[in-house]
Amino acid sequence: YRLVARAQQQWRRRMRGPVSKNVLTRRRFIAVTAMAAAGVMTAAHGAPPAPVTWRGRAMGAETAITLYPADLRQGRELLAHCRNTIGRLESELSLYQPDSALCRLNHEGALEGAPDALLQVLGIAREIHDLTGGAFDVSVQPLWRLYADHFLKSDANPEGPAAADISAARARVDANAIEIRGRTIRLKRPHMSLTLNGIAQGYITDQVAGLLRDAGMRHVLLDLGEFRALGPHPDGRPWRIGLRDPGVAWRLMDAVPLRQGAIATSGGYGTVFDAAGRFHHLFDPETGGPARHYLSLSIQGPDAARADALSTGLSALPPERAGAVLHALGVQWGGWFVLQDGEVRRHNWPPVQGTSL
């Protein structure tokens, strides 16, 4: 575990300098920890096949792909194909690209000839919306905009936006007002807008996983905002995915073995709007305010898109209701919930790891 300790030390040194709140996420530290753990296994069990790795950014997050191809040329070609796929999907699903299909839909209120990716993501979003009783809702973008604009003001009320403004934004939040007919998407309420930040990273992860699986890759670890494994490490052991302590950026609460499937984590620390950190990006659509049940939660299951959406949506549900949702999904799904007082509750954790989708 010396490599893990070294990763922790490097993270602590980085945190001494001036950084924004948004930098204090789990992603980079956990990715470093996962790769360090792989290094420990290599040292202990002999040299596995040579890995090929790509690191970059996608959907606003640092990303990494590690695979073990038959030869270096095949690996490079596959990584180039992965990068092209990520770029194409970002051009359809991202809020960061003004000309994306999603941004055009938000701007116009309707979109004809919608791409497959957008239609598929909205279909999965509808499934998780219904499963969580509306807690996962991709139409919460007006709330995000309200809180972001409020706290950008120099004289912003530290108690947050006015109740009347929250009520007005909530009136534009309604996943049931997203109409899809064929390839035409229409937002039926005035001034609605969607965000796919709670599901798109998982969806893209699954698409890249499918590409690599179809190419014959059997030992892959993806970190495209959410983690997904295709098979174990080549030495036969599972990948070790760190779960960050939501209170301390560089400290792990646990390391989860992953041979197959996905892990997604959501926490209010990911994006905060105010200096005090009281208002964050995980909204409760019912109240219009940030969800307050957990410091963080992690969901493990067969695919990253649903794990991503569930980790977002279940943030707005109390533990009993969140556990009931996971129970309804079956033994391949599990959750790790860190309550506000630091108590950790587990539901079917770790879950049964079956064949990935």
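The values are calculated or read from the model by the stated rules, or taken from the named source; none is laboratory data. Fair warning: this is a prediction, and the values are worked out from it, not measured in the lab. Virtual Cβ from ideal backbone geometry, glycine too; neighbours counted across all protein chains shown. Side chains are part of the model used for accessible areas, which takes the heavy atoms of the whole protein and leaves out ligands, DNA and RNA. Shrake-Rupley method; radii C 1.70, N 1.55, O 1.52, S 1.80 Å.
The set of residues from region 84-109 being open to solvent by 30 Å² or more (accessible area, probe 1.4 Å), among the small types (Gly, Ala, Ser) and in a loop (DSSP other than H, G, I, E, B) is empty. Checked against the criteria, Val248 counts as surrounded by fewer than 22 Cβ atoms within 10 Å (Cβ to Cβ) and either of a type in the set (Lys, Arg) or free of Cβ contacts under 8 Å to residues at least 60 places away in the same chain (or both).
In the list Glu179, Glu127, Glu112, which residue meets the criterion of being touching a Lys or Arg at 6+ places or on another chain (Cβ under 8 Å), under 30 Å from Glu320 (Cβ atoms) and charged (D, E, K, R)?
On inspection, the qualifying residue turns out to be Glu127.
What about Ala61, is it touching a helix residue (DSSP H, G or I) at 6+ places or on another chain (Cβ under 6 Å) and aliphatic (A, V, I, L, M)? Yes, satisfied. Got at least one residue in region 279-291 being over 19 Å from Phe136 (Cβ atoms) and part of a loop (DSSP other than H, G, I, E, B)? Within region 279-291 (the criterion being over 19 Å from Phe136 (Cβ atoms) and part of a loop (DSSP other than H, G, I, E, B)), the answer is yes, since at least one residue qualifies. Applying a threshold of 7 Å to beta carbon distances and a minimum spacing of six or more residues, or different chains, the list of pairs starting in region 110-138 at a residue that is in a loop (DSSP other than H, G, I, E, B) and ending at one that is modelled with pLDDT of 95 or more and basic (Lys, Arg) reads Glu112/Arg183; Gly113/Arg183; Ala114/Arg183. Within region 174-199, the set of residues being part of a loop (DSSP other than H, G, I, E, B) and either within 26 Å of Ala58 (Cβ to Cβ) or open to solvent by less than 20 Å² (accessible area, probe 1.4 Å) (or both) comprises Arg183, Met192, Ser193, Leu194, Thr195, Leu196, Asn197, Gly198, Ile199. Scanning region 270-324 for residues that are among the β-branched types (Val, Ile, Thr) and more than 15 Å from Ile124 (Cβ to Cβ) gives Thr271, Val272, Thr287. Is it the case that Leu295 is farther than 26 Å from Arg237 by Cα, open to solvent by 50 Å² or more (accessible area, probe 1.4 Å) and within 19 Å of the chain's Cα centre (by Cα)? Taking the combined requirement at face value, the residue satisfies it. Selection of first residues in region 51-78 that are free of Cβ contacts under 8 Å to residues at least 12 places away in the same chain and more than 20 Å from Pro238 (Cα to Cα) and of second residues that are open to solvent by less than 80 Å² (accessible area, probe 1.4 Å) and in a helix (DSSP H, G or I), restricted to Cβ pairs under 9 Å at least 6 apart or on distinct chains, gives the following pairs, ordered by first then second residue: Arg55/Ala31. For region 241-271, filtering for residues that are under 18 Å from Gly225 (Cβ atoms) and not small (Gly, Ala, Ser) leaves 10. Residues in region 301-346 that are in contact with a Pro (Cβ under 8 Å, 6 or more places away or on another chain), without any contact (Cβ under 8 Å) to a residue 40 or more places away in the chain and either open to solvent by 10 Å² or more (accessible area, probe 1.4 Å) or on the phi > 0 side of the Ramachandran plot (or both): Val331, Trp333, Arg345.
Just to be sure I understand, how many residues within region 140-165 are surrounded by 13 or more Cβ atoms within 10 Å (Cβ to Cβ) and over 26 Å from Glu320 (Cβ atoms)?
14
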